[in-house]
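What follows is a single structure, written as C-alpha cells, with notes after it.
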Amino acid sequence: MERISILIAAIMITALVNSQNLNFTGTWKLNSSLSKLNAEFSFAPNEIIIDQKGNDMKVEKHSSFNGEDFTINDKFTLDGKECINIGWQDSEKKSTAVWSDDKNSLKISTKLIMGDGGEMSITETFKMDRKNMVIETFASSSYGDMTETMVYDKQ
C-alpha cells in the first residue's frame, strides 16, 4: 500500500510540474555568437526585459537602428486572445500568444500594417535552451521572408 501511495504522489507531482508554463521573467542580453542573425538587417534586440505573471507578459525590447536607440513595449495575455500594441511609427500591432501543447514554448503571432499599406506577419517562438532564452523569428511581408534565431543570456 505504501508503494502505491508513493507512486500516486510521484505521478501527481510530475503532472503538476508538467502543467506549469515556462517563465521568461528577467533581463536578457543578446548573445550574438550563439545567435543566427541576418547579415544585412536583424530584428534582434540588444536587450529584452520580461515581466511574466500569471496570464500576463510584458516585453520591453531595447534595440538600435541606424545609430539610434529605441525601445518597444508590448503587453500580451498568454491565453490566445488578441492583444493590441503600438508598432512602428504608431501603427497598430495585433498579436496572439499561445503555449505549445507540451508547455515548452510560447508562440507570439503578430500582424501589422506597414507604411506602404502592406502587411507584415511576424511569428516569434520563445523557448529555453538550458540557461539561455531562444527566440526563433519568422517575418513575412511584400519585401520577402526572413528567419532568425536569437539567443539571450540571463543577466
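Within region 43-59, is even one residue of a type in the set (Phe, Trp, Tyr), surrounded by 13 or more Cβ atoms within 10 Å (Cβ to Cβ) and over 20 Å from residue 143 (Cβ atoms)? Give the derivation first.
Quick first cut of region 43-59, residues of a type in the set (Phe, Trp, Tyr) only: 43.
Now narrow it down to the ones that are surrounded by 13 or more Cβ atoms within 10 Å (Cβ to Cβ): 43.
Applying the additional criterion that residues be over 20 Å from residue 143 (Cβ atoms) yields none.
No, region 43-59 has no match at all.
Take residue 110 and decide whether it is under 21 Å from residue 89 (Cα atoms) and either outside any strand (DSSP E or B) or under 14 Å from the mean Cα position of the chain (by Cα) (or both). Against the criterion (under 21 Å from residue 89 (Cα atoms) and either outside any strand (DSSP E or B) or under 14 Å from the mean Cα position of the chain (by Cα) (or both)), residue 110 qualifies.
Counting only residues that are among the hydroxyl-bearing types (Ser, Thr, Tyr) and either out of contact with any Asp or Glu (no Cβ under 9 Å at 6 or more places or on another chain) or under 15 Å from residue 70 (Cα atoms) (or both), region 85-104 holds 2 of them.
Pairs are defined by a Cβ separation below 6 Å, a sequence spacing of at least 6 or placement on different chains, a first member in region 70-90 that is buried (at least 17 other Cβ atoms within 10 Å of the Cβ), and a second member that is not aromatic (Phe, Trp, Tyr) and not in a strand (DSSP E or B); the pairs so defined are 78/55.
Rule-based calculations on the coordinates, nothing more; no lab input. If you're wondering where the values come from, they're calculated on a predicted model, not measured in any experiment. Cβ coordinates were reconstructed from backbone atoms using ideal geometry, including for glycine residues, and neighbour counts include every protein chain displayed.
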